[in-house]
Each structure stands twice: as C-alpha cells, then as structure tokens.
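**Q** Can you keep this structure in mind? I'll have questions shortly.
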Amino acid sequence: MKKFTVISAKIPEELYREFTLRVPEGERSEFIREAIYEKLQKVPRPDKITELEGRLNRVEEDLSYIKKYLAELEVLTYHRGRVNVYSFCIDDIDRKIMDYLLSHRGATTTEMAEALETNRWLILNRLRRIQKLSKRQLGKPVLNYVAGERYGKRKAWWIEEEFTEH
C-alpha cells in the first residue's frame, strides 16, 4: 500500500459548498488525489523543460555556425547594401547609436555616450549585443571594434563598409 502525506488547502467557501454537494463524504480524498494527478499530467516536468531549452540552444548555435560558414563560402549571401542595419536595433537608443556611427563612420563609446547623453557602459553593452546578433543572423558582424588606430581614432567601433554601401 502507498504511503500518503496530509496536505491542506484553502479554497473559497462557495467552491467548498459545491464540492460537498457533488462528491460523497467517503470519496473526497480520492477525488482530490485524482484531480491533482490529472492536473500534474498537463504540467511539464522542470527537468524536461531544462533539457528542451538546452537542445534548442544547441540547435540555434549549430544553425548560426552553419550560416557563418555558408556566408564565408558565399553560398548564403546577404545583398550588398540591402542589409538594414537598423533591423538589429531594439529601441531608440540602439537607433541613435546606429545614426551616430553612420554619420561619423565610427566612434568610441565615450564619444557616443557624450553625444547621446547616456552611460558609456550602456552604449558598450548595446554595441556588443548588436554585434553578436548581426553575426548570428548574417554570419558576419555589422559592427566591429578596432583597438588600434583607424581614421585617426583609437579603440573605436566601426560599421563595416560593405553594409553601408548603397
């Protein structure tokens, strides 16, 4: 015989009255057990959800890996000048960052933070997110960070010219 554990639950008085009318007194515990069991069958187990999330992440990584190599082989191509760099922006801050980079060809995070009157770390995090997202979708990042000097700027972010040509 199975070992049972006692639980208690607070339910609205109206629901309790309905419960006592419909379910005979000797069968109430069994009724509640079955109701809980049926409801649990509909809810996925947390370990199964975690496993599915892991599998989905691996599939996404594999797909981005394949896209990257297809882009390098130029089998999967993006049309030069047709990539909308704003498609990687999620809000006005991202669009302002793109506007600034497009008009100045490139900039440091400090320059952008001063121009946009915001935090330098916010700018940096947004730039990294845009870079990562574009690399995942296109196989090549739209933005690149160059630590050395380029066009008179050091440690600056640049929009790749192939994406800005029209």
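The values are calculated or read from the model by the stated rules, or taken from the named source; none is laboratory data. Bear in mind that the values here come from a model prediction, so they are computed numbers and not experimental data. Ideal geometry is used to build each Cβ from the backbone, glycine not excepted, and the neighbour counts take in all protein chains shown.
**Q** Exactly one of (1) touching a residue at least 40 places away in the same chain (Cβ under 8 Å); (2) over 29 Å from Y65 (Cβ atoms) is unmet by T118. Its number?
**A** Looking at each condition in turn, T118 falls short on (1).
**Q** Please work out which one of (1) at pLDDT 90 or above; (2) more than 28 Å from K155 (Cβ to Cβ) is the condition Y65 fails and give its number.
**A** That leaves (1) as the condition not met.
**Q** Which residue out of L101, L116 is within 29 Å of E61 (Cα to Cα) and aliphatic (A, V, I, L, M)?
**A** On the way: L116 fails: within 29 Å of E61 (Cα to Cα).
Just one listed residue meets the conditions, L101.
**Q** Are any residues in segment 14-27 surrounded by 10 or more Cβ atoms within 10 Å (Cβ to Cβ), part of a helix (DSSP H, G or I) and among the hydrophobic types (A, V, I, L, M, F, W, C), and if so, which ones? Give the steps one after another, and end with the answer.
**A** Step one: filter segment 14-27 for residues surrounded by 10 or more Cβ atoms within 10 Å (Cβ to Cβ), giving 16-20, 23, 27.
Of the ones still in play, those that are also part of a helix (DSSP H, G or I) are 16-20, 27.
Across segment 14-27, the qualifying residue is only F19.
**Q** Given the options Y37, Y65, name the one that is surrounded by 10 or more Cβ atoms within 10 Å (Cβ to Cβ) and part of a helix (DSSP H, G or I).
**A** When all the criteria are applied, what remains is Y65.
**Q** Can E30 be described as surrounded by 10 or more Cβ atoms within 10 Å (Cβ to Cβ), over 23 Å from the mean Cα position of the chain (by Cα), outside the structural domain of R128 (by TED's automatic domain parsing) and at pLDDT 80 or above? Lay out the reasoning, then the answer.
**A** Numbers: surrounded by 10 or more Cβ atoms within 10 Å (Cβ to Cβ): yes; over 23 Å from the mean Cα position of the chain (by Cα): yes; outside the structural domain of R128 (by TED's automatic domain parsing): yes; at pLDDT 80 or above: yes.
Against the criterion (surrounded by 10 or more Cβ atoms within 10 Å (Cβ to Cβ), over 23 Å from the mean Cα position of the chain (by Cα), outside the structural domain of R128 (by TED's automatic domain parsing) and at pLDDT 80 or above), E30 qualifies.
**Q** May I ask you to verify whether D94 is modelled with pLDDT of 85 or more, surrounded by 16 or more Cβ atoms within 10 Å (Cβ to Cβ) and under 23 Å from the mean Cα position of the chain (by Cα)? Even if it seems obvious, please write down each step before you answer.
**A** Working: modelled with pLDDT of 85 or more: yes; surrounded by 16 or more Cβ atoms within 10 Å (Cβ to Cβ): yes; under 23 Å from the mean Cα position of the chain (by Cα): yes.
Yes, satisfied.
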